[in-house]
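The values are calculated or read from the model by the stated rules, or taken from the named source; none is laboratory data. Remember, predicted model here, so these are calculated numbers, not experimental data. Reconstructed Cβ throughout: ideal geometry from the backbone, glycine too, with neighbour counts over all protein chains shown.
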């Protein structure tokens with residue numbers, strides 16, 4: 001039995017690619033999802049990966065979900081905080097609910113999940129936490145003050161928690177994807193997407209599997225000297 005890994009938002013898009021890559025590499029993967037149970041069942045049938053339904057924005061639900069996984073699979077070694085939503089709009093049009101939903105789901109979930117697994121990781125002196133940020137958390141994006149704030153917060157959260165975990169062999173890192181060919185990006189109007197791709201030096205959208213390869217590197221047992229880092233995987237669109 002391989003190390004136990006939880007991937008939030010792990011049945012679609014980037015999350016699915018991460019779940020499948022970890023599974024193929026011998027990890028015992030628990031893919032979290034919040035929505036369509038029928039689709040999650042299909043995902044499990046196709047991949048052989050276990051799925052667990054809960055809302056990552058709900059602190060108590062995260063604790064209960066982790067407890068269930070521990071009971072069924074054993075202690076959690078790896079958490080990939082991938083779950084995220086968008087509620088786009090300019091500040092003048094954005095409601096407080098749209099702000100709260102994105103902050104709670106995209107950033108609050110990182111606290112919720114880390115809080116649920118950190119004590120056990122400390123006791124066992126092993127842990128790998130990877131938080132999926134965004135190029136828009138690094139560079140900002142018009143009409144996404146909520147999303148950019150949440151993703152930027154992930155990068156700060158990562159650096160701070162890495163300092164707490166270092167002495168216990170718990171690494172905490174982030175990946176900041178650029179524009180990836182997922183359903184979320186597919187929803188962008190074609191004329192807008194064309195302008196985005198024109199700004200990517202490699203001349204294309206990224207693939208979810210390219211993000212998954214970054215995760216595999218960061219969660220490896222021997223990746224002990226990489227912590228507090230943000231790995232930008234964006235085709236050269238934003239460098240700093």
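Mind listing whichever residues of the stretch 136-154 are touching a strand residue (DSSP E or B) at 6+ places or on another chain (Cβ under 8 Å) and within 15 Å of residue 174 (Cβ to Cβ)?
Across the stretch 136-154, the qualifying residues are 136, 137, 138, 151, 154.
Testing residue 78 on (1) more than 22 Å from residue 181 (Cβ to Cβ); (2) assigned to a loop (DSSP other than H, G, I, E, B); (3) at pLDDT 95 or above, one condition comes back false. Which one is that?
(2)
Among 89, 133, which is the only one that is modelled with pLDDT under 95 and under 23 Å from residue 221 (Cα atoms)?
None of the others qualify; the one that does is 133.
Can you list the helices (runs of 4 or more DSSP H) lying wholly within the stretch 162-234 that have 3 or more residues being under 20 Å from the mean Cα position of the chain (by Cα)?
183-186, 208-219
Output the residues belonging to the stretch 1-29 that are assigned to a helix (DSSP H, G or I), in contact with a strand residue (DSSP E or B) (Cβ under 6 Å, 6 or more places away or on another chain) and either surrounded by fewer than 24 Cβ atoms within 10 Å (Cβ to Cβ) or at positive phi (or both).
Selection gives 23 alone.
Restricting to the stretch 197-232, and then to whatever is surrounded by fewer than 16 Cβ atoms within 10 Å (Cβ to Cβ), touching a helix residue (DSSP H, G or I) at 6+ places or on another chain (Cβ under 9 Å) and modelled with pLDDT under 95, can you tell me which residue is nearest to residue 128 (Cα to Cα)?
The extreme case among them is 204.
Of all the residues that make up the stretch 24-34, how many are within 23 Å of residue 207 (Cβ to Cβ) and over 16 Å from the mean Cα position of the chain (by Cα)?
Of the residues in that region, 4 qualify.
If we scan the stretch 77-99, do we find a residue that is buried (at least 18 other Cβ atoms within 10 Å of the Cβ), over 18 Å from residue 56 (Cβ atoms) and in contact with a strand residue (DSSP E or B) (Cβ under 7 Å, 6 or more places away or on another chain)?
yes
Do we have any residue at all in the stretch 161-178 that's over 27 Å from residue 118 (Cα atoms) and in contact with a helix residue (DSSP H, G or I) (Cβ under 9 Å, 6 or more places away or on another chain)?
Checking the stretch 161-178: at least one residue is over 27 Å from residue 118 (Cα atoms) and in contact with a helix residue (DSSP H, G or I) (Cβ under 9 Å, 6 or more places away or on another chain).
I'd like to verify a number: residues in the stretch 116-135 that are touching a residue at least 40 places away in the same chain (Cβ under 8 Å), in a helix (DSSP H, G or I) and either in contact with a strand residue (DSSP E or B) (Cβ under 6 Å, 6 or more places away or on another chain) or over 13 Å from residue 172 (Cβ atoms) (or both), how many?
6
State the number of residues belonging to the stretch 139-160 that are assigned to a helix (DSSP H, G or I), surrounded by fewer than 22 Cβ atoms within 10 Å (Cβ to Cβ) and touching a residue at least 40 places away in the same chain (Cβ under 8 Å).
Going through the stretch 139-160 one residue at a time, the tally reaches 7.
Among the candidates 63, 98, which residue alone is more than 20 Å from residue 129 (Cα to Cα) and either part of a helix (DSSP H, G or I) or touching a helix residue (DSSP H, G or I) at 6+ places or on another chain (Cβ under 9 Å) (or both)?
Answer to the check: 98.
Only one of these is more than 17 Å from the chain's Cα centre (by Cα) and at pLDDT 95 or above: 114, 83, 45. Name it.
45
Looking at the stretch 30-48, which of its residues are more than 11 Å from residue 82 (Cα to Cα) and either surrounded by 24 or more Cβ atoms within 10 Å (Cβ to Cβ) or touching a residue at least 60 places away in the same chain (Cβ under 8 Å) (or both)?
Selection gives 30 alone.
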